[in-house]
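The values are calculated or read from the model by the stated rules, or taken from the named source; none is laboratory data. Please read all numbers here as calculations on a predicted model, not as lab measurements. Note that each Cβ is placed from the backbone with ideal geometry, even for glycine, and that neighbours are counted across all protein chains shown. What goes into the accessible areas is simple: the full protein's heavy atoms, side chains included, and nothing from ligands, DNA or RNA. Shrake-Rupley method; radii C 1.70, N 1.55, O 1.52, S 1.80 Å.
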Amino acid sequence: MRTLLVTGPGGSGKTAIASATALKAARDGLRTLLVTGDAVADPPGVTVTRLTPADDFRTDFLALQERAASGLDLLGASRLDSDELTPLPGSDELALLRALRDSAEGPHDLVVVDLPAAPRAVSLLALPEQLRRYLRRLLPAERQAARALRPVLGRLAGVPMPTEWLYEAAARWDTELAAAQAVIDADTTSVRLVVEPTPAATATLRTTRAGLALHGLRVESVLANRVLPDGSTDPWLADAAARQRKVIAAWEHPAHELPHLGRDPHGDDLDVPPPATPAARATWPVEDRLAADGVLVWRISLPGAVREELSLVRRGDELVVGAGPFRRIVPLPSAPRRCTVAGAGLVDGELCVRFAPDPDLWPQGR
């Protein structure tokens, strides 16, 4: 199964292109699933999953409330009813992650996912990894070794202890998040970016590409949408088309152009390209330059990154890498863990982090 994640700046037409991509795949004989939160017409031959974040939130909250009954009773809390629950911020993201998790169980050849607008989409795709990290820090699994003491503590307190359900809930959340993350990280998953060629959208495209690369996601294609035709006799249209051409020419990633239709697209109006075979995932190799320069160099691929928007912080055996509004905490490879950071620089779309051996930790030759 392949997964194609479709996003782009707000108003770029990403939802219409996600629908057109699913329609083309179905006509090419692929069993296709379209995941969307928007009210689009069902493309013929395509299975559509529409997100229902409000319903999902109510179901999850009521289930959590029931599992936490003993703790809530201890606090004297009043239960909430279904009809007084309204979705909280983040419900849409969690509903989409659930749909991603469930998509792996279906009999589909291609899953097309209509993501939120960029760059918010990057934050959503990074969410499973981040939430799992929070769970491991706040509720580490090794603390469950104290499980045998809970009945004793419960008798001393005179009420049931809520710790058991809390750890069970954390384990269940971790399992569900891991399933969503497995789909996002799969070698068969890639991203299709939809951009209208304007200067503002170009900045969003660059930022989004850097954020996707930071989280190991590959761009399958860039679609320039609503491109005006050349050769117009109208001076305004001719100038607007020329400005679009200039914008597209400045993009580092080649773009497939879709013409401006002068109206909202319907059905198969958009001649979108078929999903391409995903490129190999970018590796972040460690280059051994000890003999020549006395350092190891960790090369982190970040196409679209700007030097002034990069940040780097060492935290024990981890590195906090920032690219624009995005941050990711990544574990250091084994050799750099025994080194100190000696500097970093951005070279041809790669963040090159230099590590010098720490005399107190580096193995000494005889």
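Based on C-alpha coordinates, I'd like the Rg and Dmax of region 198-335, in Å.
Considering region 198-335 through its Cα atoms, Rg and Dmax are 20.2, 65 Å.
Is region 190-240 best put as rounded, prolate or oblate by its Cα gyration tensor, with a ≥ b ≥ c the root eigenvalues, rounded for a/c under 1.5, and otherwise prolate when a/b is larger than b/c, oblate when not?
Values: a/c = 5.91, a/b = 2.63, b/c = 2.25.
Cα axes put region 190-240 in the prolate bin.
Looking only at region 286-316, which residues have a backbone nitrogen under 16 Å from a spot 7 Å from the Cα of ARG133 in the C-beta direction?
Answer for this model: 311-316.
Please work out the FRET efficiency for the pair VAL341 and VAL306, using the Cβ-Cβ distance as r and a Förster radius of 30 Å; give the result to the nearest 0.05.
The calculated FRET efficiency here is 0.90.
For the peptides 29-38, 6-15, what is the packing order when you average, over each peptide's residues, the other Cβ atoms within 10 Å and list the highest mean first?
Working: 29-38: 19.7, 6-15: 21.9.
In decreasing order of mean packing, 29-38, 6-15 become 6-15, 29-38.
Please report, in whole Å, how far the alpha carbons of the chain spread along each principal axis, starting with the longest.
Computed over the Cα atoms, the extents are 87, 70, 36 Å.
Roughly what % of DSSP beta bridges within the chain run antiparallel, to the nearest 5?
Details: 30 of 57 bridges.
That works out to approximately 55 percent antiparallel.
Charges at C-beta only: +1 for Lys and Arg, -1 for Asp and Glu. How large is the resulting dipole of the chain about its Cα centre, in Debye rounded to 20? Walk me through the numbers on the way to the answer.
Numbers: 42 positive and 47 negative charges, 250 e Å.
The dipole magnitude comes to about 1200 debye.
Taking the Cβ of VAL227 as the center, what net charge do the other residues with Cβ under 13 Å away carry, scoring Lys and Arg +1 and Asp and Glu -1?
On the way: positive: ARG226, ARG243, ARG245, LYS246; negative: GLU196, ASP230, GLU257, ASP271.
Residues close to VAL227 contribute a combined charge of 0.
Take region 280-366, compute every pairwise Cα distance, and split them into 5 Å bins from 0; I just need the percent in each bin.
Taking every Cα pair in region 280-366, the percentages come to 3, 14, 24, 26, 18, 9, 4, 2, 0, 0.
Sticking with the crude label model, points 7 Å out along Cα→Cβ, report the distance from ALA182 to ALA63 in nm, one decimal please.
For the pair ALA182/ALA63, the computed spacing is 1.8 nm.
May I ask you to derive the FRET efficiency for LEU290 and GLU252 from their Cβ-Cβ distance with R0 = 30 Å, giving the value to the nearest 0.05?
Details: r = 33 Å, r/R0 = 1.10.
It comes to 0.35.
If you project the alpha carbons of region 220-284 onto their three principal axes, what span does each projection cover, largest first, in Å?
49, 31, 15
Starting from the 7 Å offset along Cα-to-Cβ, what nm value, one decimal, do you get for the label separation of ALA203 and ASP360?
Output for this residue pair reads 4.5 nm.
Over the chain, average the accessible area per residue using a 1.4 Å probe and give it in Å², no decimals. Let's see the in-between values first.
Values: 19170 Å² over 366 residues.
Accessible area per residue: 52 Å².
Assuming R0 = 25 Å, what is the FRET efficiency of ARG172 and ALA54, from their Cβ-Cβ distance, to the nearest 0.05? Mind showing how you got there, number by number?
Numbers: r = 22 Å, r/R0 = 0.87.
For ARG172 and ALA54, the calculated efficiency is 0.70.
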